[in-house]
Amino acid sequence: ERMNTITDDQIAEIEALAGGATPGPWGLTLDRDLSVASSEWGLFDVRQDQPNFVVDAHYAAAANPKSVLGLITRLREAERDAARYLWILKHCGEFHGDRSLASIALQHGSLDAAIDEAMLSAREAAE
């Protein structure tokens with residue numbers, strides 16, 4: 001098992017929390033303490049007597065809802081691309097119906113769409 005893995009359920013929970021959080025803008029303000037601020041709801045303090053407080057404050061401001069949702073979007077895109085790649089490695093050269101993957105790609109104008117269609121056809125045939 002890889003270290004620092006995150007489950008699909010954890011991603012869904014983080015996505016739901018980010019979707020419901022104050023949208024920002026988020027940034028840093030320097031007051032009596034170094035604080036992470038959301039413009040709509042005030043300050044979230046990072047205490048100066050904590051080790052790494054400056055890094056922690058910058059991290060908390062950067063890990064705002066827009067950034068988190070953007071990371072999740074990129075993760076899901078990468079997972080779809082990886083699934084396509086693994087599928088094509090396994091099924092390269094197979095035909096789907098009376099068409100090859102190349103002819104499906106030409107019809108769609110997109111190799112990704114062609115692979116998605118071929119994957120769907122293969123799943124449906126297996127069911």
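Bear in mind that the values in this text are calculations on the coordinates, not laboratory data. Note that the structure is predicted; figures quoted are calculated from it, not measured. Neighbour counts are summed over all protein chains in view; Cβ atoms, including those assigned to glycine, are modelled from backbone coordinates with ideal geometry.
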- Ordered by packing density, taken as the mean number of other Cβ atoms within 10 Å over each peptide's residues, highest first, how do 59-67, 114-122, 16-24 rank? 114-122, 59-67, 16-24
- Between the modelled labels at residue 81 and residue 53 (7 Å from Cα along Cα→Cβ) the distance in nm is 4.1 nm
- Query: Taking the simple approach of a point 7 Å from Cα along Cα-to-Cβ for both residue 73 and residue 113, what is their distance in nm?
  - Reply: 2.1 nm
- residue 79: net charge of surrounding residues, Cβ under 14 Å, Lys/Arg +1, Asp/Glu -1, itself excluded? -2
